[in-house]
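The values are calculated or read from the model by the stated rules, or taken from the named source; none is laboratory data. Since the model is a prediction, treat every value here as computed from it, not as a measurement. Here the Cβ positions follow ideal geometry from the backbone for every residue, glycine too, while neighbour counts run over all protein chains shown.
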Amino acid sequence: MPLHQMSRRAFWVVSRASLALYRRFPVFGSLRAAVGIIRQSNQYLLIHRNDGRGFSFPGGLAMPRESEERALKREVNEETGLEITASELDFRYFSAEDVPCNISVFKVDVTGELRGSWEGLPQWVERGAIRAGILKSQIPIVERILNSE
């Protein structure tokens, strides 16, 4: 089996197991996450996730004592290969859809060569189609985008 298929399957297992466990045993309470809105004309960059859960905006969980800005830069780079050149906090919200999580949403500018990761494949999606298949925990981001322009 090719390495990229093994890493996709590994992500599926790790992601699904982690979510199932933390839903039942949220030992650290509410987690913190940072998500980036990357826009190019009328398209938004989404990650087609390898865990079979659909699409998500680039970003992820912050490590203990890691700032949201640092987590955003790390996660966007890990998932897309892109470097953040500028970021601006857009809004924050709480979601309990997957696990209890405080989510900080940033508008970001990026540079670099787009690539995938074990977590999924980045994909440019038209503004009108970003709701289709998006994680339930990220619907507030989509609603804000669709209602703001």
- Message: Can you confirm whether Gly120 is within 19 Å of Ser18 (Cα to Cα), touching a residue at least 24 places away in the same chain (Cβ under 8 Å) and of a type in the set (Gly, Ala, Ser)?
- Response: yes
- Query: When only residues in the range 126-149 that are hydrophobic (A, V, I, L, M, F, W, C) and closer than 17 Å to Asn50 by Cα count, which is surrounded by the fewest Cβ atoms within 10 Å (Cβ to Cβ)?
  - Reply: Ala132
- Query: Looking at Glu113, Glu69, Glu97, which is the one that is exposed (fewer than 14 other Cβ atoms within 10 Å of the Cβ) and more than 22 Å from Lys136 (Cα to Cα)?
  - Reply: Glu113
- Message: Condition check: more than 23 Å from Ala132 (Cβ to Cβ) and acidic (Asp, Glu). Does Glu79 satisfy that?
- Response: no
- Message: Could you check the range 74-103 and list, in sequence order, the residues that are under 22 Å from Ser30 (Cα atoms) and touching a Phe, Trp or Tyr at 6+ places or on another chain (Cβ under 8 Å)?
- Response: Leu89, Asp90, Val99, Pro100, Cys101, Asn102, Ile103
- Inspect all residues belonging to the range 110-124 and state whether any of them is under 16 Å from Glu69 (Cα atoms) and modelled with pLDDT of 95 or more. yes
- Query: Which residue pairs have Cβ atoms under 9 Å apart, sit 6 or more places apart or on different chains, and have a first residue in the range 83-102 that is among the hydrophobic types (A, V, I, L, M, F, W, C) and a second that is assigned to a loop (DSSP other than H, G, I, E, B)?
  - Reply: Phe94/Ser30; Phe94/Pro100; Ala96/Ser30; Val99/Pro26; Val99/Ser30; Cys101/Ser30
- Task: Could you list, in sequence order, all residues of the range 37-53 that are modelled with pLDDT under 95 and within 11 Å of the chain's Cα centre (by Cα)?
- Result: Arg49
- So, first residue aliphatic (A, V, I, L, M) in the range 55-76, second residue surrounded by fewer than 21 Cβ atoms within 10 Å (Cβ to Cβ) and in a loop (DSSP other than H, G, I, E, B), Cβ within less than 9 Å, six or more apart or across chains; the pairs are Ala71/Met63
